Amino acid sequence: MAGMETTQLDTELSLFKYDNLEQLPRSYRDLDAGQRTDRIEAALAELGDDVVILGHNYQCQEIVEHADFTGDSYQLSKEAAAADADYVIFGGVTFMAESADIITDDDQSVILPSMEASCPMAGMAEALQVDTAWAEITAATDDDIIPVTYMNSYADLKAFCAEQGGLVCTSSNAHKAFEYAFERGDKVLFLPDKHLGENTAHRLDMEEEVVTWDPWDPAGKEPAKAAANDIILWDGYCQVHERFREDHITRLRDQRPDANVVVHPECRREVVEAADIVGSTSTIIDTVESAAPGDTWAIGTEVHLANHLARWNPEVEVLPLCGDACMDCDAMRQIDPNYLTWVLEELVDGRERNVIEVAPEEKELARVAIDRMLEI
Ligand code: 13P
Ligand code: SF4
């Protein structure tokens, strides 16, 4: 990145955890799709191999169309690790960009186009809270506890897990991460998504061993119960996936007995139980892509992905599982194509905007936790 300057723009203060992140300049706010596409393509032609764009499956159509690689969190972390471009532009949310910064080389920069793309679930397990819970739980038991954190968490929590012998997982390998942990300890503390944790416990036939730890409710923190169970679930959740309910599936099956249902494992237990298939966003894509023409699939995940699937597979009938009530992810939506235009044109002019840089002391440890996941 020699020769690049990082100039401060005159922008409003952000509540975001990275205080170097900047808001979109006014001149970029009203670009239309045609102008954007021309400018993005021109900037990409200029930047050539210096830039790679990674796009999560929940990104809007324009971002997905400009991405060099799209995928689920696991696939994108592998693409980030393999990338040799100077700049990795992340179409996703902060914890994904942080993870990319952790696994790319020090001379590569990871850019998150918009500063507001923060996953609320990742914010539900703050390292300070987790430290307190850890002290309370470990004081109540002599068992060895291995912490496992979902990728949807910040770097400091990943670093904490590494320090305690634990690791990171994504929705596609949570069961393997639990197995890794149980080979090395007696109990798992899983953070922050209780639904993914519960669904994983079921997959491993350990549903009787589950207790929830609610850090916000004094009555929801019971060290004795934690000591008596093998899987302790942090009481976090994704509001996009909590929206799906069992009766959405029951009603669908009444009205459309021919319809199949695929859902993400961040959905509630009873929803996963009632679905035909459960899996990460890439499993959901594979399911629809391998469906026979004329099949009907209802999709229990973020609505952008349901819309992409309908567009990409016109021969399959794709329905959002809860119809108009299906949500898009507010955090993912912040990666507006105007922001992509801006960060690319700034790079062409020699300026890096919205660079995600994990603190070096966290980076090293968090990398251990991610590497453990990449090896399972
Ligand atoms: P995937 O890893 O399945 O893509 O999920 C990421 C996510 O944030 C789901 O809400
Ligand atoms: Fe976070 Fe849910 Fe959005 Fe995934 S869909 S990024 S878990 S808020």
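The values are calculated or read from the model by the stated rules, or taken from the named source; none is laboratory data. What you see is a predicted model; the values in this text were computed from it and never measured. Here Cβ is always computed from backbone atoms with ideal geometry, including for glycine, and neighbour counts include all displayed protein chains. For the accessible areas, the whole protein counts, side chains as well, though only heavy atoms, and no ligand, DNA or RNA atoms are used. Shrake-Rupley method; radii C 1.70, N 1.55, O 1.52, S 1.80 Å.
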Fill in the blank from the handout: Among strands (runs of 3 or more DSSP E) completely within region 48-130, the ones holding 2 or more residues that are open to solvent by 20 Å² or more (accessible area, probe 1.4 Å) are 69-71
Completion exercise
Of (1) within 23 Å of PRO265 (Cβ to Cβ); (2) open to solvent by less than 10 Å² (accessible area, probe 1.4 Å); (3) over 17 Å from the mean Cα position of the chain (by Cα), LEU157 satisfies every one except (3)
Problem - Test result for THR250, polar (S, T, N, Q), away from ligand 2 (no atom under 16 Å from the Cβ), farther than 25 Å from ASP295 by Cβ and open to solvent by 10 Å² or more (accessible area, probe 1.4 Å) - result: no
Exercise for the section: State which residue is farthest from ligand 2 (Cβ to nearest atom) when the search covers only region 280-298 and only residues that are open to solvent by less than 10 Å² (accessible area, probe 1.4 Å) and under 18 Å from the mean Cα position of the chain (by Cα). Expected result: ILE284
Exercise for the section: Give, as residue ranges, the helices (runs of 4 or more DSSP H) completely inside region 135-219 that count at least 1 residues that are among the β-branched types (Val, Ile, Thr) and in contact with a helix residue (DSSP H, G or I) (Cβ under 9 Å, 6 or more places away or on another chain). Expected result: 194-203
Practice task
Run ALA228 past the list (1) more than 28 Å from the chain's Cα centre (by Cα); (2) in contact (Cβ under 8 Å) with a residue 40 or more places away in the chain and report the number of the one that doesn't hold.
Solution key: (2)
Problem - Breaking point among (1) closer than 30 Å to ALA159 by Cα; (2) in a loop (DSSP other than H, G, I, E, B); (3) among the small types (Gly, Ala, Ser), for ALA292 - result: (1)
Exercise for the section: Kindly indicate which of GLY236, GLY220 is free of Cβ contacts under 8 Å to residues at least 40 places away in the same chain, open to solvent by less than 20 Å² (accessible area, probe 1.4 Å) and in contact with a strand residue (DSSP E or B) (Cβ under 9 Å, 6 or more places away or on another chain). Expected result: GLY220
Completion exercise
When every residue in region 313-346 that is outside any loop (DSSP other than H, G, I, E, B) and within 16 Å of ligand 1 (Cβ to nearest atom) is compared, the one surrounded by the most Cβ atoms within 10 Å (Cβ to Cβ) is MET332
Handout entry: Residue among LYS176, LYS194 that is within 17 Å of the chain's Cα centre (by Cα) and open to solvent by 40 Å² or more (accessible area, probe 1.4 Å)
Key = LYS194
